[in-house]
Amino acid sequence: MGALTEVLAATAAFVGTHLLMSHPLRAPLVSRLGERGFLGVYTLVSFATLGWLIWAMLHVGPEPFLWAAPLWVWWLAGAVMLVASILLVGSLIGNPALPGMPALKRTPRGVFAITRHPMMWSFALWACAHALVWPQPSVLVLTAGIALLALAGAAGQDAKKSRLQPDFWPAWRAQTAFVPFTGPASSRDWWPGWGVMLGGLALWLVATWLHPVFGGPAVGVWG
């Protein structure tokens, strides 16, 4: 198996098992294994496929860049990564999509006024930014897989939550947007607060400066 083929296979395994176990296979597996048993299997499969993917990426030899990103694309990627960082930090606070979180009893504010799937979109935007400025074949396979997993997972989450929370999720969907900045919320409600903004900025700075440490190009304006 060639290196790129192995990256493709590992990415397909990582994405496919996540989508299958999170949605169509979840209920039958929980009925057989119980919730804790299912979480154990899910965790084991996730780490196994992630480990395979990391191993495959580390064993890819030198690859050509399929295009050279101009300076304005680096600036754009840096801005996209900052938005992704803010969405990720904001998604960790009061997110009704996370397991065990109660339904929100208020109008969506902050990142949830931007999109009801801020965590998923942060991963998708991360993937897009990296694909723009790091266009090697293996990286494009990896980023395409991450974007697919994030957005297909968000769509599947909408369907699952609508079924499991019929008294909350359909109304939450009506108040929020799937695609960022396209929902009914006022732009005045998009402000996530200084804590989330500063946390997102800190995450963005750390992630940007760590790229040279790990041997990759810095996804930022100084790349």
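The values are calculated or read from the model by the stated rules, or taken from the named source; none is laboratory data. What you see is a predicted model; the values in this text were computed from it and never measured. Surface accessibility is based on the protein's heavy atoms, side chains included, excluding ligands, DNA and RNA. Shrake-Rupley method; radii C 1.70, N 1.55, O 1.52, S 1.80 Å.
Protein chains only, probe 1.4 Å: how do V206, V45, V7 rank by accessible area, largest first?
Heavy-atom accessible area, descending, gives V206, V45, V7.
For region 43-128, with all protein chains present and a 1.4 Å probe, just round the carbon and sulfur fraction of the accessible area to a whole percent.
80
Checking understanding here: applying a Kyte-Doolittle mean of at least 1.6 and a length along the axis of at least 20 Å (C-alpha), which whole DSSP H helices in the chain pass?
Values: long enough: 3-22 (28 Å, 1.36); 26-58 (38 Å, 0.92); 71-91 (30 Å, 2.02); 118-133 (23 Å, 1.29); 137-164 (39 Å, 0.85); 194-213 (29 Å, 1.39).
Answer set is 71-91.
Full-extension gain between A9 and T43, please, as 0.36 nm times their residue separation minus the C-alpha to C-alpha distance.
10.3 nm
Enter the Cα centre distance for the pair region 54-99 and region 135-169, rounded to the nearest angstrom.
About 15 Å separates the Cα centre of region 54-99 from the one of region 135-169.
If you average the C-alpha positions of region 184-198 and of region 2-41 separately, how far apart do those two centres end up, in angstrom?
35
Under 1.5 on a/c is rounded, so check that first for region 106-190, then, if it is not, pick prolate when a/b is larger than b/c and oblate when it is not; a ≥ b ≥ c are the square roots of the alpha carbon gyration tensor eigenvalues.
oblate
Which whole-number value in Å² is the accessible area per residue of region 152-204, probe 1.4 Å?
57
Please list W134, W52 in order of solvent-accessible area, largest first, computed with a 1.4 Å probe with all protein chains present.
Heavy-atom accessible area, descending, gives W52, W134.
Quick one: ranking D189, D167, D158 by accessible area, 1.4 Å probe, largest first, what do you get? Walk me through the numbers on the way to the answer.
Details: D189 35, D167 155, D158 5 Å².
The ordering from most to least exposed comes out as D167, D189, D158.
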